[in-house]
């Protein structure tokens, strides 16, 4: 092969190689750009969903806290009585007010998009570091919520309710039954107080995170 022919062959295949390499880089850059665009679109949709979720949860928490404030007052009607006042009450008072199931609010969060995101370990879908930390705190408070609510429910079901059922069987409340139900309600009030404290923290966190999300719009 002559020198001009060899030079022409090298130039031809070098050009083709460069074209292929450039094409690969362009394809990779386009794929990366498209993937990044999809990630940001997904993140934007997540933010919209989170805003709606936090708004709903704030409404639920405000309602639950109002309900629990009323229930706490009802508990106090019994738990703050001394022995003299406790024994002076009519049996009808206990049969009407404290024989049934104490109905308080344990907070059932709306949707759960955030919890699912954090639990899945896919918080990398959120590019904002501060937002990721806020979502992690929210998820942590929800985990604490489940534990504290379960403690109160277990105590109520396993200890308080059997005592109430036994006492109302004959519609007559003895001195010991009155003291036992008061003691159980004091314990339940303590456990419910921890639930309320957690709900207050959840509400504060939800309001702060909602404000932060709206600032990112």
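So here's what we get for this one:
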| item | result |
| --- | --- |
| Near pairs, Cβ below 6 angstrom, 6+ apart or cross-chain, from the stretch 112-138 (within 16 Å of residue 45 (Cβ to Cβ)) to any residue that is outside any helix (DSSP H, G or I) and modelled with pLDDT of 80 or more | none |
| Residues of the stretch 56-83 that turn out to be surrounded by 15 or more Cβ atoms within 10 Å (Cβ to Cβ) and over 17 Å from residue 149 (Cβ atoms), as a count | 5 |
| Residue in the stretch 185-197 that is in contact (Cβ under 8 Å) with a residue 60 or more places away in the chain, surrounded by 16 or more Cβ atoms within 10 Å (Cβ to Cβ) and farther than 17 Å from residue 71 by Cβ present | no |
| Listing of helices (runs of 4 or more DSSP H) fully contained in the stretch 88-173 that carry 3 or more residues being crowded, with 17+ Cβ neighbours inside 10 Å and either modelled with pLDDT under 95 or touching a helix residue (DSSP H, G or I) at 6+ places or on another chain (Cβ under 6 Å) (or both) | 113-119, 129-155, 161-168 |
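The values are calculated or read from the model by the stated rules, or taken from the named source; none is laboratory data. Bear in mind that the values here come from a model prediction, so they are computed numbers and not experimental data. Note that we place each Cβ from the backbone using ideal geometry, even for glycine, and neighbour counts take in every protein chain shown.
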